[in-house]
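The values are calculated or read from the model by the stated rules, or taken from the named source; none is laboratory data. Everything quoted here is computed from the prediction, not taken from an experiment. All Cβ positions, even for glycine, are placed from backbone atoms using ideal geometry, and neighbour counts span all protein chains on display. For accessibility, only protein heavy atoms count, side chains too; no ligands or nucleic acids. Shrake-Rupley method; radii C 1.70, N 1.55, O 1.52, S 1.80 Å.
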Amino acid sequence: MMKYIFLSILSCLLLVVTGCTGAKEIQNETYITAIGFDYSKGQYTVYLQALNFSNIAKQEGGSGLQQASPILIGQATGKSIQAAISKLEQHAALPLYYGHVNTFVLSKNVIEKHLASVIEFIGQNSFLRYNCWLYGTNGDIKKVLSAESFFNYPSIYTVLHSPSPLLKENYSMQIEKYNRIISKYNQSVGTLIIPTIDIRKKIFLQDEKPINIAALTGGFVVAQHQFKGWVKKHDLIGLKWFSEKAARIPISLFNERVSVEIIKPKSTIKVISGPKPAYDLIIKANAYINQNVDNLSVSNIEKELAQKVRNEILISLERSNQINADLLNITEIPYRYHHKKWDINVINNINKNSVKHINVKIKVQQNINYKR
């Protein structure tokens, strides 16, 4: 009996020891958090961003950072993406670990001609996850990866790694995970829009010194594997009214004399039968007035608000017409639910005249409440 107990204890100890031998301490690896891809003159350039996780742990523990959290940037070129990655791994002071990557940044050259190669590389690498954020940039990828945060916080607290808190408070345009965007790459209708991010200087000062902030500037548009170009943020202004993630949208009216918040707008795309599909767009939402300097009536504000939303949608429809792409992804509705009525070519033959009516119904629920 004692022999059986001794063997059981010994087996448990061996299991514990075996489990620990494969463990790696945090300071013994380089944890990659973002990867950038560029292409020029027949070669890929890969950028790796790595963060100091000890500083991140300190911040999450509640301690303030006295010094800026360091950002490590690696850069190498090669005839293939893997060749460039291998060069970085060969010269790294500590082994590179890709399990914490949560952002990809692509240059215009890659999106225009080599997006398929990036998709293939990410799909083949077992450490790279599909729930990462995906951005494009017209600027220097190295500068984007070196973007600063407020109060010396680590880079994971910037829009590059954590856009959700910003969008929750002030929704301007859609930012989605890699898998949601790339799922549209092989789709026969609609467009995929890769949001672009670039550095903006002198908007914020820290200790009277300008800091380099990463900000959304627009999006690269791809439809049916064809690159349609870059669209500035203003031209995508109508897309937010069709997003399920738009929880709070601030709007200014009457030369910024009135400020309104739109709460969780609901959109409906009604398909009208004919030789080719036509559409009615319906937007419904509730609104709250934050500021009303001239004490305008609620009915006037509702009327102006409806026209403002309608005009924003028309701006995006006009830009869609110019680049021959369905920025609002209206064509997904007949493709998914009425595919027997029209073939793909007819569905994709969309222009601004395909939208017959834009009906906006926004109800102001209450006026501003002042603190007592």
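Give all pairs with beta carbons closer than 9 Å in which a residue from segment 265-288 that is at negative phi and without any contact (Cβ under 8 Å) to a residue 24 or more places away in the chain meets a residue that is small (Gly, Ala, Ser) and buried (at least 17 other Cβ atoms within 10 Å of the Cβ); count only pairs at least 6 apart in sequence or on separate chains.
What qualifies is 266/285.
Just a yes or no: is a residue in segment 150-173 in a loop (DSSP other than H, G, I, E, B), under 23 Å from residue 31 (Cβ atoms) and modelled with pLDDT under 85?
yes
If residue 284 passes every condition in (1) of a type in the set (Lys, Arg); (2) assigned to a strand (DSSP E or B); (3) open to solvent by less than 70 Å² (accessible area, probe 1.4 Å) but one, which one does it miss?
(3)
Going through 110, 105, 101 one at a time, which residue ends up being part of a loop (DSSP other than H, G, I, E, B) and modelled with pLDDT of 90 or more?
101
Restricting to segment 173-204, name every residue that is within 12 Å of the chain's Cα centre (by Cα) and surrounded by fewer than 18 Cβ atoms within 10 Å (Cβ to Cβ).
Within segment 173-204, 177, 179, 180 meet the criteria.
Residue-wise test of (1) open to solvent by 40 Å² or more (accessible area, probe 1.4 Å); (2) in a loop (DSSP other than H, G, I, E, B); (3) in contact with a strand residue (DSSP E or B) (Cβ under 7 Å, 6 or more places away or on another chain); (4) at pLDDT 95 or above.
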{"residue": "329", "(1), (2), (3), (4)": "no, yes, no, no"}
{"residue": "334", "(1), (2), (3), (4)": "no, no, yes, no"}
{"residue": "345", "(1), (2), (3), (4)": "yes, no, no, no"}
{"residue": "350", "(1), (2), (3), (4)": "no, yes, no, no"}
{"residue": "353", "(1), (2), (3), (4)": "yes, no, no, no"}
{"residue": "360", "(1), (2), (3), (4)": "no, no, yes, yes"}
{"residue": "364", "(1), (2), (3), (4)": "no, no, yes, no"}
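Scan (1) open to solvent by 70 Å² or more (accessible area, probe 1.4 Å); (2) touching a residue at least 24 places away in the same chain (Cβ under 8 Å) for the single condition residue 247 breaks and write down its number.
Failed condition: (1).
Looking at (1) crowded, with 17+ Cβ neighbours inside 10 Å; (2) within 14 Å of the chain's Cα centre (by Cα), which one does residue 155 not meet, given that it meets all the others?
(2)
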